[in-house]
1. Please indicate, with yes or no, whether at least one residue in region 144-159 is within 21 Å of GLN207 (Cβ to Cβ), assigned to a helix (DSSP H, G or I) and polar (S, T, N, Q).
2. Is region 320-337 home to any residue that is part of a loop (DSSP other than H, G, I, E, B) and among the charged types (D, E, K, R)?
3. Restricted to region 246-298, and to residues that are basic (Lys, Arg) and part of a loop (DSSP other than H, G, I, E, B), which residue is modelled with the lowest pLDDT?
4. Only one of GLU366, GLU322 is among the acidic types (Asp, Glu), within 60 Å of the chain's Cα centre (by Cα) and more than 30 Å from LEU252 (Cβ to Cβ). Can you tell me which?
5. In region 195-212, which residue that is at pLDDT 70 or above and part of a loop (DSSP other than H, G, I, E, B) is nearest to LEU252 (Cα to Cα)?
6. Checking SER64 against (1) part of a loop (DSSP other than H, G, I, E, B); (2) at pLDDT 75 or above: exactly one of these is not met. Which one?
7. THR401: among the polar types (S, T, N, Q), surrounded by 14 or more Cβ atoms within 10 Å (Cβ to Cβ) and either on the phi > 0 side of the Ramachandran plot or assigned to a helix (DSSP H, G or I) (or both), yes or no?
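The values are calculated or read from the model by the stated rules, or taken from the named source; none is laboratory data. Quick caveat, the model's predicted, so the values are computed rather than measured. Virtual Cβ from ideal backbone geometry, glycine too; neighbours counted across all protein chains shown.
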Amino acid sequence: MNQGTRKALLLLLLLVVVDGAWSHPAESDPFTADDGPVCTLQVGNGLLQQLGTRLTLASSSSSSALECSTAWTTLLLRFHETRKNLTDCVEREERARTDQTSATDFCELLLDDVRRQMRQERQRLTSESDQRLQAIQLELNGEKARSVQLTADVGAVQQELTRLYRELVLTNVGIGDTKQAHRYYQRYNEQQQKVQQEKSQQKANLQSLYEALIATVYRKAAHAQERVGYLLDFVRHLGPDAPDQKLTLYRLLKVELDKRKPATQPQTLVMAFDALNGTAPDASTADSPLHKLYLDTSGPIVRAWQQQIIAGEWRTVRDFAEHYPDYYQRCYRMLLTVDATVWRKLDFSKYILVVNTLPRSTFRMEAFELVFGLMRRYERQDAVPLDRLKVLAAHTEIFETFIKKKGLGQDAQDRLAKVKELFKGFKPNTDYGYYLKEFQKTKPKTG
């Protein structure tokens, strides 16, 4: 192949490579028959020089001349191999990208499904929680309502118990059953304390019960004094640790006693001594409200009964000694003792009447001893009025008759003997027998 032919072939190859197409109007090229995309290659000067060099070497080494068609075919084969390799590479890349995209999409789908399931589960759990909370709230509301109702029921029961205990206290005091009255009073007090604790108060309010007790005692005039005695016995058994409660009841009772002539009611003096007994042992007597109540109550009634004794009215004192013997012994000295002025002016025959109305021999002996003591105090021993000694002898005889009729024992006889001994010493050679005979001389004869 000459120089001109080689140049022409190179030029032709260059055109083919640059244009990227080879067409023949009569027949289709098997390498370009497909309708795929045209691959354009940029060929630099270095590539052309290498191509020319290879063609020159091939021509010089070969014994036969390098045909143009053969060169062309070889070029196209190389080109198509390169194209195929590039195409395969691109397809592999596309497949890898597609596979990656598919895997990513699949993961996204799985993730979306998991998210959807989580949303559904959360909604389900939320719904169930709301339902449970509503059920619990409804149950709590029901429990609160039941609790409120139960509290109200308990309060009603406590009120009913308090009312019941109150009525039982009033009833048992009214019939004189002090033991039962105190049992229910203790329960009533406990109920009151519970109520006060709920109200943050320190002491139970017993004023209404005390007022009701006073009203119960005086609800009817019949047997009122007897019920007063029952009430005093109830108060007496409150014990030494309840001075305030005793004082409240005594003051309420004193108001009612003062309305009804206390001098005619022996319970007035009983209340006075009970108030004195209720004074706390460690309290100052002068500062004790109960001691003041005793003085205010006992003073007027003692003076009133003393005037009755002087006037010969002995029934009140006799009844008091009979029904309240212990209290009589605490006050008989105050009742029978008079001052010197009254002693000289009183009607002795009336004054001495009370002695032989007393129900016990002990009381009579003590009364005789007190009267003889006043006589020795206020009279000169040699100037004792004979009339009074004769009256005393006459009443001593009545005392002896009382002992015989009652069939009393030796103790009573000893008391009688002791009284008879009191007549000695006023005048020489005189005794009980002497004064009794003198009385009998002046005694009007009957029949």
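1. So far as region 144-159 goes, yes, one or more of its residues are within 21 Å of GLN207 (Cβ to Cβ), assigned to a helix (DSSP H, G or I) and polar (S, T, N, Q).
2. No, region 320-337 has no match at all.
3. Among those that are basic (Lys, Arg) and part of a loop (DSSP other than H, G, I, E, B), it is LYS261.
4. Details: GLU322 fails: more than 30 Å from LEU252 (Cβ to Cβ).
From the options GLU366, GLU322, the qualifying one is GLU366.
5. The extreme case among them is LEU206.
6. (2)
7. No; evaluated as a whole, the condition is false for this residue.
Yes/no matrix, rows are residues, columns are (1) of a type outside the set (Gly, Ala, Ser); (2) in contact with a helix residue (DSSP H, G or I) (Cβ under 7 Å, 6 or more places away or on another chain):
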{"site": "THR126", "(1), (2)": "yes, no"}
{"site": "SER129", "(1), (2)": "no, no"}
{"site": "GLN134", "(1), (2)": "yes, no"}
{"site": "GLY142", "(1), (2)": "no, no"}
{"site": "THR162", "(1), (2)": "yes, yes"}
{"site": "VAL169", "(1), (2)": "yes, yes"}
{"site": "ALA181", "(1), (2)": "no, yes"}
